[in-house]
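Engineer: Quick one: this structure, given as structure tokens, is what I'll be asking you about.
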Amino acid sequence: MSFATGLICDNCQSEYPENKLLHKCPGCEAPLRMGYDLPRVKEYLSRDWPPANGRCSLEQYQKLLPITKPELIDRVTLGESQTPLLPSRVIGSEIGMTDLRFKMEIGPSLSLKDRGSALCALKALEFGLDAMRVSSSGNNASSVAAYAARAGLKSFVFVQKDTATQKLTKMKAFDSHVLRIDGDMRIASQLGNEIAPLYPWLESGGSSPYRITAKRLVAYELVDQMSGDIPDAVIFPCGGSAGIVAADIAFKELHQMGIIPKSPKLIGAQFTACDPITTAFNKGTDQVTPIQKKPSISDALMNNNPYWGKAAIRAARDSGGFFISVSDREVVDCLKQLGAKEGIFVEPAGAVAVTAAIKIGRQKIDTGLNKVVCTITGHGLNTSFGAIEERDTPHLIPAQLSDLQRHIDNLLQRTEIVAPSTCETG
């Protein structure tokens, strides 16, 4: 049985039954979030925190989600489950964060979107709908397309003109109806929102209260994985900013229940090419004004009018955190460090949180941060631009043993590795 109590307006605090299938407050049109009976949640978690045991997130945390028909879980899941929390091997010590960790938010569709898409697919089935829809720069669209296909639903995804080919390939592989709009993400989202009321589709994007409530599980996972020892800060890449808002909701729930002593600092990171929330935060306002985007290596996080912008600023301020912007060049440098030093291959947007940590550490922006978690949110196969530049293309070696040995010896000299002079067998 779920402990969900209904929908709550993020602005006027009006409450609505969960079965109303609302995505914004009918009274003030502000975002909605899911409410829970926290005393019952606390009692449940204090008895026995639900173990992962290889289970999907919907099954593991079904009481902490608005699921009325758990028998549908098997019909929608693709195995999305608790994501790994990896300690940094090199980068953390280099920047003065000796307990830097990476929360690998990369699910079956190769991005962070899968917890939310799984719950949205399940809710579409519960409500008797036959299609899901989302406006997305790529990762959310791919995830929704995958889970719709798994659940036997249709998907309609609205994407911007400049969407990475790899992401479009994934969407089409799932037989999604890809509606590529001749414009940027703002135009694609606007058209998607205008046409959505004409069709019986479940809204599955960042404005969906189901997506937000599923995304908040990242905070519950962190508390479980760190045995209640909360980090000094958690850094999130921010575009529409549902991730940092969902985490803020969860950490406040956990604090209210007495499970953690306080919330960690929540830090939002954006590309300098599109950083309306950082701009507003630094001006001391919570009103996020759309800005003119600049060219960037990334198609993700390029949201110049973020739906959760105001709530994201509140999340950072309430927790003592802040917003920071990073350049394309800084992200490219970080991509190479993650690959070479940590064995992690991500797309540019997926490296933004780690790039922000490096900048914070090296520039001593906040010297009180040691135990830091960076959320890594998209696999490098989504779009590898930036990880390998043209000059990094491997040199073509003649197919001769002498040429090959000469090339290897040169490599070993450059990397200061001494080659063995003899090779003994015995």
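The values are calculated or read from the model by the stated rules, or taken from the named source; none is laboratory data. Quick caveat: nothing in here was measured; it's all calculated off a predicted structure. Quick reminder, even Gly has a Cβ in these numbers, built from the backbone with ideal geometry, and neighbours come from all protein chains shown.
Engineer: Restricting to region 195-205, and then to whatever is in contact with a Lys or Arg (Cβ under 9 Å, 6 or more places away or on another chain) and in a loop (DSSP other than H, G, I, E, B), can you tell me which residue is farthest from M257 (Cα to Cα)?
Structural biologist: Of everything passing the filter in region 195-205, Y199 is farthest from M257 (Cα to Cα).
Engineer: Can you name the number of the only condition in (1) out of contact with any His (no Cβ under 7 Å at 6 or more places or on another chain); (2) surrounded by 22 or more Cβ atoms within 10 Å (Cβ to Cβ) that S155 fails?
Structural biologist: Among (1) out of contact with any His (no Cβ under 7 Å at 6 or more places or on another chain); (2) surrounded by 22 or more Cβ atoms within 10 Å (Cβ to Cβ), S155 violates only (1).
Engineer: If you don't mind, another one. Please name all residue pairs, on different chains or six or more residues apart, with Cβ atoms under 7 Å, provided the first residue is in region 365-376 and is closer than 20 Å to E342 by Cα and the second residue is aromatic (F, W, Y).
Structural biologist: From region 365-376, the pairs are C374/F102; T375/F236; I376/F102.
Engineer: For residues in region 25-38 being surrounded by fewer than 19 Cβ atoms within 10 Å (Cβ to Cβ) and touching a residue at least 24 places away in the same chain (Cβ under 8 Å), which is nearest to G228 (Cα to Cα)?
Structural biologist: L38
Engineer: From the list I365, I388, exactly one residue is modelled with pLDDT of 75 or more, among the β-branched types (V, I, T) and closer than 30 Å to P295 by Cβ. Which is it? Break it down stepwise before answering.
Structural biologist: Working: I388 fails: modelled with pLDDT of 75 or more.
Sole residue among the options that is modelled with pLDDT of 75 or more, among the β-branched types (V, I, T) and closer than 30 Å to P295 by Cβ: I365.
Engineer: Further, regarding this structure: Does region 205-219 include one or more residues that are of a type in the set (A, V, I, L, M, F, W, C) and more than 21 Å from L119 (Cα to Cα)?
Structural biologist: no
Engineer: Let me ask another. From the list I291, I313, I244, I344, which one is free of Cβ contacts under 8 Å to residues at least 24 places away in the same chain and touching a helix residue (DSSP H, G or I) at 6+ places or on another chain (Cβ under 8 Å)?
Structural biologist: None of the others qualify; the one that does is I291.
Engineer: Being crowded, with 21+ Cβ neighbours inside 10 Å, in a helix (DSSP H, G or I) and touching a Phe, Trp or Tyr at 6+ places or on another chain (Cβ under 8 Å) is the filter here, so list the residues in region 281-311 that pass it.
Structural biologist: F281
Engineer: Would you mind finding the one in D229, D224, D184 that is at pLDDT 95 or above and charged (D, E, K, R)? It would help to see each step written out before you state the result.
Structural biologist: Details: D229 fails: at pLDDT 95 or above; D184 fails: at pLDDT 95 or above.
From the options D229, D224, D184, the qualifying one is D224.
Engineer: Please state which one of K63, K42, K20, K69 is touching a Phe, Trp or Tyr at 6+ places or on another chain (Cβ under 6 Å) and farther than 26 Å from A300 by Cα.
Structural biologist: Of the residues listed, the single one that is touching a Phe, Trp or Tyr at 6+ places or on another chain (Cβ under 6 Å) and farther than 26 Å from A300 by Cα is K63.
Engineer: When you look at D275, is it surrounded by 24 or more Cβ atoms within 10 Å (Cβ to Cβ), under 29 Å from G96 (Cα atoms) and of a type in the set (D, E, K, R), yes or no?
Structural biologist: yes
Engineer: Continuing with this model, one more query. So which residues in region 60-85 are surrounded by fewer than 18 Cβ atoms within 10 Å (Cβ to Cβ) and free of Cβ contacts under 8 Å to residues at least 40 places away in the same chain?
Structural biologist: Once the filter is applied, which keeps residues that are surrounded by fewer than 18 Cβ atoms within 10 Å (Cβ to Cβ) and free of Cβ contacts under 8 Å to residues at least 40 places away in the same chain, region 60-85 yields P70, E71, D74, G79, P84.
Engineer: Okay, moving on. Every residue in region 151-194 that is assigned to a strand (DSSP E or B) and either touching a Lys or Arg at 6+ places or on another chain (Cβ under 8 Å) or β-branched (V, I, T) (or both), please.
Structural biologist: Of the residues in region 151-194, the ones assigned to a strand (DSSP E or B) are 154-159, 177-180.
S155, F156, V157, F158, V159, H177, V178, R180 - these are the residues of region 151-194 that are assigned to a strand (DSSP E or B) and either touching a Lys or Arg at 6+ places or on another chain (Cβ under 8 Å) or β-branched (V, I, T) (or both).
Engineer: If we scan region 122-143, do we find a residue that is in a helix (DSSP H, G or I) and surrounded by fewer than 24 Cβ atoms within 10 Å (Cβ to Cβ)?
Structural biologist: Yes, there is a match, as at least one residue in region 122-143 is in a helix (DSSP H, G or I) and surrounded by fewer than 24 Cβ atoms within 10 Å (Cβ to Cβ).
Engineer: Report yes if S327 is under 27 Å from V223 (Cα atoms), among the polar types (S, T, N, Q) and at pLDDT 95 or above, otherwise no.
Structural biologist: It is false that S327 is under 27 Å from V223 (Cα atoms), among the polar types (S, T, N, Q) and at pLDDT 95 or above.
Engineer: Could you please give the count of residues in region 163-199 that are surrounded by 14 or more Cβ atoms within 10 Å (Cβ to Cβ) and touching a residue at least 24 places away in the same chain (Cβ under 8 Å)?
Structural biologist: 20
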